[in-house]
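Here's the structure, in structure tokens; my notes come after.
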Amino acid sequence: MNTPILSVRDLTVKAHLDGETRVLLDHVSLDLAKGEILGLVGESGSGKSLFCRSLVRLLPSSRLKIEDGAVLLEGRDLTEVSDAEMLKVRGAEIGMIFQNPTSHLDPVMRIGDQISEGIRYHQGLDACAARAAATEILSQVGFPDPLCQYDNYPHEFSGGMRQRAMIAVALSCNPKILIADEPTTALDVTIQAQILTLLMELRETRGLSIILITHDLGIVAQTCDRIAVMRGGKLLEQGPKRQILSQPKDPYTTRLIHSHPSMPGVEPVTEAAASTVAAPVKPILEIDDLHVRFPIGGSFFRGSAAKTISAVSGISLQIMPGETVGIVGESGSGKSTLARAVLGLTPISSGHISFEGVDLAQQKTAGLAKLRREAAMVFQDPFNALNPRMTIGQTIGEVLAVQGKVARVDIPDRIGELLDLVGLERDFADRKPRSMSGGQCQRAGIARALAVDPKLIIADECVAALDVTIQAQIIDLFRELAASMNLTLLFIAHDLAIVRNLCARTIVMYRGEVVEDGPSAQVFSQPKHAYTAALVAAIPDIDPDKPLLGNAEEASGSIRSIKRMP
């Protein structure tokens, strides 16, 4: 390995809580070479994000202290420099892409200004030059109209677009080291491939060193040079990626590898299995010529009429009881809008939605009451979906109390059972979202959805923030619930490998329309639409010899050609 640009030696971080001291990072040592991509993997709460925050001294609480060790950046110990010097290091020398873009983008500041701010501070450019540089970066990370979108605010973008903006902010100062904490969590596979390809190109052209935190071993296999595995604040093993993936030394690493959904041992759902749910019964959900439009632009004072954008355009679907249906497509394709319209959270412009025979347009009061008793949604953003002032136990208990299906004296026991189902310790009932990782918050959101005892669950990117072992547990849980309770599942995801293995049927959306709908085995092995073929080509594989760059170029080229079609 080349001379390290970053050497971490025996880094130890402790939390000083009331009456106790807890070790969160236990003598972690790592080297990062110039131009190297290091993949940092491990389950939620293993210390991956805390380790990277410690490198730039951005610990999430004043109760957390770096107690021992050194962080040497080109020979300079960052644990000993002044706060003023650290301000110069952050951004210009070490950039960071955070996991949750909603919490790290300024909601009252234009996206372009947030990118150009760092350019002006670290590079000394004037406003005009900084704007031009920021616009170019927006184009690089996949913004379709960077000149106009420069002036948009974060709330005007989807979760995937906000994540791209966060990446642009981190790249704006040309750092020597880039720490990427789940940088593609909210992105569909084609944009994920583009972003990862961009990071690899930056490594080649600028000698950029990258620490890539991810739960997707397919990403690690195809992008990283070395892999480091963490668990419980300790570094279990590290080494070249081929060595770790083919000959793991620690049992935990072996379990991570075998949990990956692209492993040969995980068989996709067959067409025979898909046909078992298509029995001649009434659909639980019927969607007929559904349109959802949102107003944009227009001005009362200038007398200009408001225009509309069509987020869902003429969709007709039937979902049968007990079906597991995956909905895939790019960010902005209308997946989440469709889901929210089904649950009555977004008003429909025209068309009909019927849940167990009740038309939500014509019988709105009765339909919404039925939905709230028998349907639930797991949202994409786990932090914003949970009340920050309530403990997890209070959040789940509130649902149980409102539903009235469980006696009040039995609610604490039921809360414990639900936490067990989603892989959280029962003491999480007394914790608030701010003290939990993104993956832990997402599991709490799933527990809240299960508290309704639903017939229909709509899961909007519900496993995007989870590591592969917990992903496998949640997918197995959904599979068991669907089999034992005849639960109907609409599973929205950008991870096509998970959809392939969980869902009997796959629906592909593009620009608000359904472009393909069929048994998952058929859709993934013999896609009929060019857009579906491009999505499948961009799926990351755990095989380190499968080229990500070729997939990204193929998928991006196919999608660009589709977008030029009338």
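Of [x] 72, 57, 48; [y] 69, 60, 49; [z] 108, 50, 45, which is the value of Cα extents along the principal axes in Å derived from the coordinates here?
Evaluating Cα extents along the principal axes in Å on these atoms matches [y].
Provide the solvent-accessible area of Thr337, counting protein heavy atoms only and rolling a 1.4 Å probe, rounded to the nearest 10 Å².
30
Determine the per residue accessible area of the chain with all protein chains present and a 1.4 angstrom probe, expressed in square angstrom.
43
With all protein chains present, how much of the accessible area of the chain (probe radius 1.4 Å) comes from carbon and sulfur, to the nearest whole percent?
Numbers: 12440 of 24400 Å².
Answer for the chain is 51 percent, counting heavy atoms of protein chains only.
Which sequence of His258, His352, His155 reflects their accessible areas, 1.4 Å probe, from the largest down?
On the way: His258 120, His352 70, His155 140 Å².
So, going from the largest accessible area down, we get His155, His258, His352.
Taking the Cα centre as origin and putting +1 on Lys and Arg beta-carbons and -1 on Asp and Glu beta-carbons, what dipole magnitude results for the stretch 400-519, to the nearest 20 debye?
Roughly 300 debye for the stretch 400-519.
Loop-only check: which GluC sites (Glu not before Pro) in the stretch 69-150 are DSSP coil with at most 14 other Cβ within 10 angstrom? Before the final figure, lay out the partial values.
On the way: sites: Glu74, Glu80, Glu85, Glu93, Glu117, Glu136; in loops: Glu74, Glu80, Glu93.
Answer by residue number: Glu74, Glu80.
What accessible surface, in Å², does a 1.4 Å probe find on Met485, ignoring ligands, DNA and RNA and rounding to the nearest 10?
Accessible area of Met485: about 90 Å².
Using the alpha-carbon atoms, what tilt in degrees (0 to 90, nearest 10) does helix 392-403 show relative to the longest principal axis of the chain?
Taking the Cα atoms of the chain, the angle to 392-403 is about 10 degrees.
What relative contact order, as a whole-number percentage, does the chain give when Cα pairs under 8 Å and 6 or more residues apart are counted? Mind showing how you got there, number by number?
Numbers: 1132 pairs, mean separation 91.2, N = 566.
In percent, rounded to a whole number, it is 16.
Once a ≥ b ≥ c are taken as the square roots of the eigenvalues of the Cα gyration tensor of the stretch 90-172, is the result rounded (a/c under 1.5), prolate (a/b larger than b/c) or oblate (a/b not larger than b/c)?
oblate
Which longest uninterrupted range of the chain lacks any trypsin sites (Lys or Arg not before Pro) assigned by DSSP to a loop state (not H, G, I, E or B) and surrounded by at most 11 other Cβ atoms within 10 Å?
1-301
With runs of 4+ DSSP H residues as the only contributors, calculate the mean residue ellipticity of the chain at 222 nm using -39,500 (n - 2.57) per run, divided by the residue total and rounded to the nearest 500.
-11500 deg cm²/dmol
Restricting to Cα pairs below 8 Å that are 6+ residues apart, what does the relative contact order work out to for the stretch 434-521? Please round to a whole percent.
24
Note down the accessible area of Thr395, probe 1.4 Å, to the nearest 10 Å².
Its accessible surface works out to 10 Å², give or take rounding.
Using the Cα centre of the stretch 4-110 as origin and beta-carbon charges of +1 (Lys, Arg) and -1 (Asp, Glu), tell me which of Ser103, Val8, Gly19 is placed farthest towards the positive end of the dipole.
The residue sitting farthest along the positive end of the dipole is Ser103.
Please report the relative contact order for the stretch 1-58, taking Cα pairs under 8 Å with a sequence separation of at least 6, and give it as a percent rounded to a whole number. Display every interim value, and only then the final one.
Working: 65 pairs, mean separation 18.4, N = 58.
Once normalised by length, the contact order is 32 percent.
Any idea how far the Cα center of the stretch 9-66 sits from the one of the stretch 99-161, in Å?
Cα centroid to Cα centroid, the span is 29 Å.
Give the distance, in whole Å, between the Cα centre of the stretch 363-426 and the Cα centre of the stretch 165-215.
Taking the Cα centre of each part, the stretch 363-426 and the stretch 165-215 sit 36 Å apart.
Gap in Å between the Cα centre of the stretch 513-528 and the Cα centre of the stretch 474-501?
Measuring centre to centre over Cα atoms gives 17 Å.
Rank Ser46, Ser62 by accessible area, highest first, at a 1.4 Å probe radius?
Order by accessible area, largest first: Ser62, Ser46.
If R₀ is 30 angstrom, what is the calculated FRET efficiency for the pair Asp359 and Phe294, using the beta carbon separation as r and rounding to 0.05?
0.85
Can you check what the Kirkwood hydrodynamic radius comes to for the stretch 358-426, Cα pairs only, in Å to one decimal?
Hydrodynamic radius (Kirkwood, Cα pairs) of the stretch 358-426 is 13.9 Å.
Name the longest site-free stretch of the chain, where the excluded sites are chymotrypsin sites (Phe, Trp or Tyr not before Pro) in a DSSP loop with no more than 11 other beta-carbon atoms within 10 Å.
Maximal segment without exposed cleavage sites: 1-299.
The values are calculated or read from the model by the stated rules, or taken from the named source; none is laboratory data. None of the values given here were measured: they were computed from a predicted structure. Don't worry about glycine lacking a Cβ; one is built from the backbone with ideal geometry, like all the others, and counts go over all protein chains shown. Note: areas computed on protein heavy atoms with side chains; ligands, DNA, RNA excluded. Shrake-Rupley method; radii C 1.70, N 1.55, O 1.52, S 1.80 Å.
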